[in-house]
4 protein chains.
Amino acid sequence: MTSEGEEAAFETGIKFGSLYHQFAGTPVSPASAGSLETAMAEAIENQPHCVDVTVEILREDLSAALADGPADYAELTGRFLDVEIVIEYGETEAVARMEMEDGYPLMRLVSVE
Amino acid sequence: MTSEGEEAAFETGIKFGSLYHQFAGTPVSPASAGSLETAMAEAIENQPHCVDVTVEILREDLSAALADGPADYAELTGRFLDVEIVIEYGETEAVARMEMEDGYPLMRLVSVE
Amino acid sequence: MTSEGEEAAFETGIKFGSLYHQFAGTPVSPASAGSLETAMAEAIENQPHCVDVTVEILREDLSAALADGPADYAELTGRFLDVEIVIEYGETEAVARMEMEDGYPLMRLVSVE
Amino acid sequence: MTSEGEEAAFETGIKFGSLYHQFAGTPVSPASAGSLETAMAEAIENQPHCVDVTVEILREDLSAALADGPADYAELTGRFLDVEIVIEYGETEAVARMEMEDGYPLMRLVSVE
């Protein structure tokens, strides 16, 4: 009723939604960005079928946002994130990315093969 | 590079991961279960391609868990949840469910067609 | 080693931090704001010593933010929230509010008496 | 209307509620516990008045819980956590801890002075 490619894509989506809604809102500064990147990747890599998670917190964008206001930290949100997730399900590998498009973070399925 | 079915499955997975990791940990009692069910469903239905979300908080299981301890509320977790999500992507409809299997909550892609 | 007023204030702070970091990031639209307000209030009212929680999602500010972009929902954040929490601890009542100050949401202890 | 001690206690409570409800539900294994501890501490230390946060994920309790089931990771919850937070507000220092009591995690204000 479902193909292996669809199952792989479903698992990839779960990981993206999990990563984003678990960690969005976390207080983050340029100094703490490194430990948060590592923790996010290692947390989601625990989930089934998850082969690799790469999280980059965009320090320049974060610093630019902080320069506009009185606080020295921000809440983590999609505009500060570049994420890639790789899933293996059976013989199929799926890759997805979160990237900015028209100023909005977009989760995108890159390939299923 | 990706089929419409895979895209639909990916979107369905995103909604499941979002729903679970946004609301897991929420303080919940039998009395507050109804408002939380409604809010969870309506929140996720805001997301793109999401046609229908049904959330049931399992009040009997929740009450049984509370009977064992000193607190009158619990943190929301998968053992108290029955969820169905329906996505439409192009001409394709995908359905996924979260259900208990061997005592563990499992997110499962039911159909893509 | 701690006074009743300090304990009341501590409990009030816990509720504020809980409410904010549990629900920040939730997808919200003007249409779903009502169910989310109710669920947030009822969830936190489950916690010990919590007498009353009032949550208002600022629909005008939310609509204005959505008018600037392509999406028809936003992630819940402090700029869309007006919250008041009342705690009773022993004979002491503590009240706290979240309100905007200089464009930033600020959690403020209003009274302990 | 509020004392410095009450303000310090309020800030301490905010940090505890934030830490708990931001990170509860995070997938965690003995192997990923270290990066999550560091990220949790550094994230909350960004918040105002927060001098020191110590997070210990109880690996023995986590391993014991995993030995009972089919999964090799768990969702982070209070039974796996030992946390201490130190706040300075004006001339006042407040310390709070989360510790298990009767099998339930309890947030406790240790001292305000």
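Rule-based calculations on the coordinates, nothing more; no lab input. Everything numeric in this text was worked out from a predicted model, so none of it was measured. Positions of Cβ are generated from backbone atoms using ideal geometry, with glycine treated the same way; all protein chains shown enter the neighbour counts.
What the table shows:
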| read-out | value |
| --- | --- |
| Selection from D:PHE23, D:LEU66, D:SER3, by position along the positive dipole direction of chain D (Cβ) | D:LEU66 |
| In nm, spacing of pseudo-spin labels at C:ALA67 and A:ARG79 (7 Å Cα→C-beta vector) | 1.9 nm |
| Rounded to 10°, Cα long-axis angle of helix B:4-23 versus longest principal axis of chain B | 20 degrees |
| A:SER111/C:GLU56 FRET efficiency (R0 56 Å; Cβ-Cβ; nearest 0.05) | 0.80 |
| Chain A, relative contact order [Cα under 8 Å, separation at least 6], % | 29 percent |
| Solution diffusion estimate, µm²/s, Stokes-Einstein, the protein assembly as shown, Kirkwood Rh from C-alpha pairs, 37 °C, viscosity 0.692 mPa s | 148 µm²/s |
| Theoretical ellipticity at 222 nm over the protein assembly as shown - DSSP helices of four or more residues, -39500 (n - 2.57) apiece, nearest 500 | -12000 deg cm²/dmol |
| Per-selection Rg to Rh, chain B - Cα, Kirkwood hydrodynamic radius | 1.03 |
| Shortest-first distances to equivalent copies, position B:ARG108, nm, label 7 Å out along Cβ | 3.4, 4.4, 5.3 |
| D from A by rotation - nearest chain A beta carbon to the axis, in Å | A:ALA39, 2 |
| Highest-fluctuation residue, A:LEU36, A:LEU81, A:LEU66 considered, GNM on chain A with Cα pairs under 10 Å | A:LEU66 |
| Cα→Cβ-extended label distance, 7 Å offset, between C:GLU88 and D:GLU91, nm | 3.5 nm |
| C-alpha long axis of helix D:33-45 to longest principal axis of chain D, angle in ° | 20 degrees |
